[in-house]
Amino acid sequence: MWGFMYELFYRTEVNVICLFLLAWVTYHLVASQDQQTKNIIFKRVMISSVLILVLETIQFLIDGHTGKWFFILNYFLSFTYLIFNGVMAYYWFVYTVYLVTTKEKLRTILEWTAALSVILFVLILVASVFTKTVFYIDGETNTFVTGSLYFIQAMLTYGLFTSAAFIALMAVIRKQKLMFSLGTVFVVFVCMPCAGGIVHWIFPKAKVIWQLLAMGQLLVVCDYKFSLVSIDALTSMNNRRSFNSRITQIANEEFFEVKPTLFMMDINLFKEINDGFGHPEGDAALTQTARLLKNVFSKSDAFLSRFGGDEFCVLYNCLDAETVKQRVYKAFDEYNQISGKPYLLSISIGYAQLVGTGKGAIDSMLKRADQDLYTEKNLAHKMLDGTIKK
């Protein structure tokens, strides 16, 4: 009796608390406009966690209730739950990879290796519906029964978690510069998954891995929020203080696989938009500029910020800055063709790559980018001939 009451408490009350917190954070993450690749992956980690906890809770409540519909529902929930075990482990592994390494080729290889393993497991799981090799639902008692190949699910899930933990541990040992503190990385990406796996190995019925990972995700979100000095309220981009913090971090780094390039941007004739169409339209121009920049850099790890007024800055580790610059110009040209606005929204861009290390190198990069922006702005104003009207 006490064992059942304990399991009921663990599987429902604890899950509901984790669900409430995760769902609240997930909602705000999904609603945000941050479209950096690793942040999109983290959103998928959160969504997968919510679905797993929902499925696990419902599955526990109906397990053992006999009847045709309970049997069908239990089979469907168990099948879906096992799939999301693999999906969650996959996204957790990929997120760890994106967090630790910037090497695109290595990321792609690891991502596809993990994806293929999950796809293989799903195929085995589909076959198990007919062969009962992974699991089946007992028709008389309506309870979940493991098959002879159920261990594959555990190997896949904990294999990906263990691989992610090893990658994170190597980053901690190397004292690698990451977007989170090394303490958070060690606790969330190493300790919690390993602790969940060990507890599950010793006590098979105590599946605490998902609750521990839920707490880990909340720690990641808190650490991330604390790491942001502040966000610009109008554009939802990093503000000047956040930019200065990021610049200071770069100044202290000694090794870059690809040197960061600073892009300084300024809206052309912004005063004309404010004076001619009103400040609300000026605000709309600023938010649209931010939106276009986010779209251009959506699949990169670029650091975007509103520097102040109508100025924006992007820090991006790229090999061809001129190509990036032209890509931004093209985005604004395409927008103006379909915007329906009575004015042209355009920007000028200056850029400079970091040369050397330390504060002197940062100051030099800022100065060179600003000078390049000044040159670009003069050319743009001559082309526009002092007017932004179409």
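The values are calculated or read from the model by the stated rules, or taken from the named source; none is laboratory data. Keep in mind it's a predicted model, so treat the numbers as computed, not measured. Don't worry about glycine lacking a Cβ; one is built from the backbone with ideal geometry, like all the others, and counts go over all protein chains shown. Heads up: the accessible areas ignore ligands, DNA and RNA and are worked out on the full protein's heavy atoms, side chains in. Shrake-Rupley method; radii C 1.70, N 1.55, O 1.52, S 1.80 Å.
Out of L304, L262, report the one residue that is closer than 22 Å to K359 by Cα, open to solvent by less than 10 Å² (accessible area, probe 1.4 Å) and either of a type in the set (S, T, N, Q) or modelled with pLDDT of 90 or more (or both). Give the steps one after another, and end with the answer.
Details: L304 fails: open to solvent by less than 10 Å² (accessible area, probe 1.4 Å).
After ruling out the rest, the residue left standing is L262.
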When segment 131-146 is checked residue by residue, the ones that are in a loop (DSSP other than H, G, I, E, B) and open to solvent by less than 20 Å² (accessible area, probe 1.4 Å) are V134, N142
Please indicate, with yes or no, whether at least one residue in segment 229-248 is among the hydrophobic types (A, V, I, L, M, F, W, C), surrounded by fewer than 14 Cβ atoms within 10 Å (Cβ to Cβ), over 25 Å from D372 (Cβ atoms) and touching a Lys or Arg at 6+ places or on another chain (Cβ under 9 Å).
yes
Taking segment 298-314, which residues are touching a residue at least 60 places away in the same chain (Cβ under 8 Å) and within 18 Å of S348 (Cβ to Cβ)?
L304, S305, R306, F307, G308, F312, C313
Mind counting the residues in segment 339-351 that are outside any loop (DSSP other than H, G, I, E, B), closer than 21 Å to E272 by Cβ and not small (G, A, S)?
3
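Out of everything in segment 357-373 that is among the polar types (S, T, N, Q) and part of a helix (DSSP H, G or I), what residue ends up being farthest from I250 (Cα to Cα)?
Q371
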Taking the options D301, D283, name whichever one is out of contact with any strand residue (DSSP E or B) (no Cβ under 6 Å at 6 or more places or on another chain) and part of a loop (DSSP other than H, G, I, E, B).
D301
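From the set of residues in segment 265-281 that are buried (at least 19 other Cβ atoms within 10 Å of the Cβ) and of a type outside the set (S, T, N, Q), which is farthest from V355 (Cα to Cα)?
I273
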With the condition kept exactly as written, say whether any residue in segment 179-197 is in contact (Cβ under 8 Å) with a residue 12 or more places away in the chain, out of contact with any Cys (no Cβ under 8 Å at 6 or more places or on another chain), more than 21 Å from S49 (Cβ to Cβ) and of a type outside the set (K, R).
yes
Contact list, first residue from segment 361-390 and more than 30 Å from G340 (Cα to Cα) and in contact (Cβ under 8 Å) with a residue 60 or more places away in the chain, second anywhere and in a helix (DSSP H, G or I) and open to solvent by 50 Å² or more (accessible area, probe 1.4 Å), beta-carbon distance below 9 Å, six or more apart or interchain, is I362/T248
For L354, indicate whether it is touching a Phe, Trp or Tyr at 6+ places or on another chain (Cβ under 8 Å) and either free of Cβ contacts under 8 Å to residues at least 12 places away in the same chain or more than 30 Å from F255 (Cα to Cα) (or both).
no
Quick check on segment 70-95: of everything there that is of a type in the set (S, T, Y) and surrounded by fewer than 18 Cβ atoms within 10 Å (Cβ to Cβ), which residue is farthest from W210 (Cα to Cα)?
Y75
Here's a check for you: in segment 119-130, which residue that is of a type outside the set (A, V, I, L, M) and surrounded by 13 or more Cβ atoms within 10 Å (Cβ to Cβ) is farthest from S78 (Cα to Cα)?
F121
Quick one: E272 ticks every box in (1) within 19 Å of the chain's Cα centre (by Cα); (2) touching a residue at least 24 places away in the same chain (Cβ under 8 Å) except a single one, so which number is it?
(1)
Considering only segment 163-184, state which residues are buried (at least 16 other Cβ atoms within 10 Å of the Cβ) and at pLDDT 85 or above.
S163, A164, A165, I167, A168, L169, A171, V172
On the basis of being assigned to a helix (DSSP H, G or I), in contact with a Lys or Arg (Cβ under 6 Å, 6 or more places away or on another chain), in contact (Cβ under 8 Å) with a residue 24 or more places away in the chain and of a type outside the set (V, I, T), does L29 make the cut?
yes
Those residues of segment 149-191 which are closer than 18 Å to G86 by Cα, aliphatic (A, V, I, L, M) and part of a helix (DSSP H, G or I) amount to I152, A154, M155, L156, L160, A164, A165
In segment 307-323, residue modelled with the highest pLDDT [restricted to those that are in a loop (DSSP other than H, G, I, E, B) and buried (at least 18 other Cβ atoms within 10 Å of the Cβ)]:
D310
Checked L116, L99 against criteria (open to solvent by 40 Å² or more (accessible area, probe 1.4 Å) and either assigned to a helix (DSSP H, G or I) or touching a helix residue (DSSP H, G or I) at 6+ places or on another chain (Cβ under 8 Å) (or both)); the one match is L116
